[in-house]
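Undergrad: One structure, pasted below without further comment.
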Amino acid sequence: GSAESQAQKLLPQLENIFPGISNVRKKDRSVRAYWAGEPYTQGSYACYLVGQWTTIAGAEQPQVENLFFAGEHCDPSNQGYMEGGCRTGEIAAVQILRSLGLNKSATTQQARITASCKSLSPFNAFCT
């Protein structure tokens, strides 16, 4: 079926998770994406080549002067996944706040990140 007909089938399920989503959804704006057909990613994600895990793993995230790095490739526990991009983006945001001298904001943000991380992944070493 069309992207719109598939969206209509999915909407009741989403309504159970996100009550009210049907009211804010814009009709006739449904999109169906085929990951492998995307011209820029071609269905791929970051992955170390042979030998890189032991030679460069962990070198992706450290700050270099005023340049901060984030992305799924920077998270050893979630490399290749959206979760890794989200978590490292939050970490980079805290680092930026600290570099600007906004330590109170950085501490507040760090506490929120840690609490959220521990509740979602209590055994994830990256949460510390």
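The values are calculated or read from the model by the stated rules, or taken from the named source; none is laboratory data. Remember, predicted model here, so these are calculated numbers, not experimental data. Cβ coordinates were reconstructed from backbone atoms using ideal geometry, including for glycine residues, and neighbour counts include every protein chain displayed. Note: accessible area is taken over every heavy atom of the protein model, side chains too, but ligands, DNA and RNA are not part of it. Shrake-Rupley method; radii C 1.70, N 1.55, O 1.52, S 1.80 Å.
Undergrad: If you take the residues of the stretch 93-115 that are surrounded by 14 or more Cβ atoms within 10 Å (Cβ to Cβ) and without any contact (Cβ under 8 Å) to a residue 12 or more places away in the chain, which of them is farthest from the chain's Cα centre (by Cα)?
TA: By that ranking, first place goes to Leu102.
Undergrad: While we're on this one: Tell me which residues, restricted to the stretch 49-81, are among the aliphatic types (A, V, I, L, M) and over 23 Å from Leu97 (Cβ atoms).
TA: Leu49, Val50, Ile56, Ala57, Ala59
Undergrad: Out of the stretch 1-10, which residues are open to solvent by 80 Å² or more (accessible area, probe 1.4 Å) and part of a loop (DSSP other than H, G, I, E, B)?
TA: Gly1
Undergrad: Hey, which of the helices (runs of 4 or more DSSP H) in the stretch 11-107, taking only ones fully inside, have at least 1 residues that are out of contact with any Cys (no Cβ under 6 Å at 6 or more places or on another chain), within 30 Å of Gly1 (Cβ to Cβ) and not charged (D, E, K, R)? Before you say what the answer is, go through the steps one by one.
TA: Numbers: elements: 21-24, 52-55, 82-99.
So the answer is 21-24, 82-99.
Undergrad: Considering only residues that are open to solvent by less than 70 Å² (accessible area, probe 1.4 Å) and of a type in the set (S, T, N, Q), look in the stretch 49-70 and name the one that is nearest to Val94 (Cα to Cα).
TA: Among those residues, the one meeting the criterion is Gln61.
Undergrad: In this structure, is Glu90 closer than 29 Å to Leu10 by Cα and surrounded by 14 or more Cβ atoms within 10 Å (Cβ to Cβ)? Spell out the reasoning first.
TA: Working: closer than 29 Å to Leu10 by Cα: no; surrounded by 14 or more Cβ atoms within 10 Å (Cβ to Cβ): yes.
So Glu90 fails the test.
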